[in-house]
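Peer 1: Take a look at the following structure, please.
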Amino acid sequence: MDTVLQSRSKTVVIGSDKPFCVIGERINPTGRKAFQAQLQAGDLSQIEIDVSEQVAGGADVLDVNVGDPLADEIELMRSAIQLVQNLTDLPLVIDSSVIEALEAGLGAYEGKALVNSVTGEDERLEAILPLVAKHGAAVIGLANDDEIPMEPERRLEVARKIVSVAGDHGIPPEDVVIDPLAMPVGAEPRAVTLFIETVRLIRDDLGVNMTCGASNTSFGLPGRHVLGAGFLGIAASHGLTSAIMDARAPVCVEAVRAADFLLGHDEWGGRWIAAHRAKQAAQAAGNA
């Protein structure tokens, strides 16, 4: 089952037999006081740096989140989507908890976007899914409703509901990307094993594509990028097909590219070898 995302000129396909889709998470003001202040002033110049770094790092898709309670998120989202489309041909994820901001972003976007996100709560489903259907987009469905369940079977139930209700709105299963909920392993030692079991259940029962906020797993711990790399390799081997992650962290990006090669999603290692040669060439140019 393939999820097809498109920009004006580029198509990215997420699928179980396709290379892992790296969704760059950096365009997000969470934990970034300077960026928050810029957004409050209507200044989007930081986004140009964020786009450049993530493209250079190997992102396949970029997540765009400009949510700040003291900023005009609706107008910022419209402007940010237009700006990012002019900076890169990568498809975009339109990321907001504000319905009007999602609508503004979808209205400005040229292509087929991924909407981040909807939960299993009836109110959110009925508010967001018609918008997704209207714009012919795909949507991320978080496997929680009014509570965050720890049990994999319960998360599967919520995922089933989201896929079913999306179908009622004319959104096919391939356009629903489920987030099985990556939780901090520092707060719950079973977080990753429960996540992996959820991925397995969703893969076997629904067959849809899956994503997650990969950095959640290592929150509050040292060596976050190394933990993230380990997590991503394990998750990819069990059926995770994409992740919202730090595309500027080579160890994380290389982990999923290595998994692609080892799992047969990069036949004969073409992408792996090309990336290695490109790195060698860049190092040689830097030393010249």
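What follows is calculated from the coordinates using simple rules that are stated; it is not laboratory data. Quantities reported herein were computed from a predicted structural model and do not represent experimental measurements. For neighbour counting, all protein chains shown are included, and Cβ atoms are generated from backbone atoms with ideal geometry for every residue, glycine included.
Peer 1: Bin width 5 Å, origin at 0, all Cα-Cα pairs of region 204-266: what percent of pairs per bin?
Peer 2: P(r) for region 204-266, in whole percents per bin: 4, 19, 30, 24, 14, 6, 3, 0.
Peer 1: Now, a different point. Whole-Hz ³J(HN,Hα) for each residue in region 16-24, computed from phi via Karplus 6.51 cos²θ - 1.76 cosθ + 1.60 with θ = phi - 60°, x for glycine and proline: what do you get?
Peer 2: So the J values, rounded to whole Hz, are 5, 10, 9, x, 4, 8, 8, 9, x.
Peer 1: Give the span of region 58-99's Cα atoms along each principal axis, as three whole-Å numbers ordered largest to smallest.
Peer 2: Computed over region 58-99, the largest-to-smallest principal extents equal 32, 17, 15 Å.
Peer 1: Residues of region 51-93 with the amide nitrogen closer than 19 Å to a label point 7 Å from the Cα of Thr11, along Cα-to-Cβ, please.
Peer 2: Only 60-62, 89-93 fall inside the zone, counting backbone N under 19 Å.
Peer 1: Rg and Dmax of region 117-230 over Cα atoms: what are they, in angstrom?
Peer 2: So, for region 117-230, Rg and Dmax equal 14.5, 44 Å respectively.
Peer 1: Would you mind checking region 1-21 for residues with the amide N under 18 Å from a putative spin-label position 7 Å along Cα→C-beta of Glu110?
Peer 2: Zone members listed by number: 5-12.
Peer 1: May I ask you to derive the FRET efficiency for Gln82 and Ala282 from their Cβ-Cβ distance with R0 = 25 Å, giving the value to the nearest 0.05?
Peer 2: E between Gln82 and Ala282, to the nearest 0.05, is 0.20.
Peer 1: With θ taken as phi - 60° and the coefficients 6.51, -1.76 and 1.60, list the Karplus ³J(HN,Hα) couplings across region 214-230 in order, rounded to whole Hz; mark glycine and proline as x.
Peer 2: My calculation for region 214-230 gives 4, 6, 4, 4, 9, 3, x, 10, x, x, 4, 5, 5, 4, x, 4, x Hz in order.
Peer 1: Continuing with the same structure: Pop a pseudo-label 7 angstrom from the Cα along the beta-carbon direction at both Lys33 and Ser52 and give the gap in nm to one decimal.
Peer 2: According to this spin-label approximation, the distance is 2.5 nm.
Peer 1: Please identify, among Ile81, Ile47, Ile273, the residue showing maximal mean-square fluctuation in a Gaussian network model of the chain using a 10 angstrom Cα cutoff.
Peer 2: Ile273
Peer 1: May I pose another question? What does region 65-141 give for Rg and for Dmax, in Å, if only its C-alpha atoms count?
Peer 2: Rg then Dmax for region 65-141, in Å: 11.8, 37.
Peer 1: I'd like the projected area of region 14-155, averaged over all directions, using the convex hull of its alpha carbons. Report it in nm² with one decimal.
Peer 2: So the Cα hull casts an average projection of 9.5 nm².
Peer 1: Please list the non-local residues whose amide H lies under 5 Å from the amide H of Val22, H modeled 1.01 Å from N, same-chain partners needing a gap of 5 or more.
Peer 2: Asp60, Val61
Peer 1: With viscosity set to 1.002 mPa s and temperature to 20 °C, compute the Stokes-Einstein D of region 1-78, Rh being the Kirkwood radius across alpha carbon pairs; µm²/s, no decimals.
Peer 2: 154
Peer 1: What is the projected area of the convex hull of the Cα atoms of the chain, averaged over all directions, in nm²?
Peer 2: Value for the chain: 15.0 nm².
Peer 1: Just to check I understand the Karplus step: with θ = phi - 60° and J = 6.51 cos²θ - 1.76 cosθ + 1.60, what whole-Hz values come out for region 139-149, glycine and proline as x?
Peer 2: Coupling constants for region 139-149: 9, 8, x, 7, 7, 9, 10, 7, 9, 9, x Hz.
Peer 1: Starting from the 7 Å offset along Cα-to-Cβ, what nm value, one decimal, do you get for the label separation of Val98 and Val4?
Peer 2: Taking the simple label geometry, Val98 and Val4 are separated by 3.3 nm.
Peer 1: Using a Gaussian network for the chain with springs between C-alpha atoms less than 10 Å apart, which of these wobbles most: Ile244, Ile49, Ile171?
Peer 2: Judging by the Gaussian network model, the answer is Ile49.
Peer 1: For the chain, what number of Lys pairs, 8 or more residues apart or on separate chains, have alpha-carbon atoms under 25 Å from each other?
Peer 2: Within the chain, the lysine pair count is 9.
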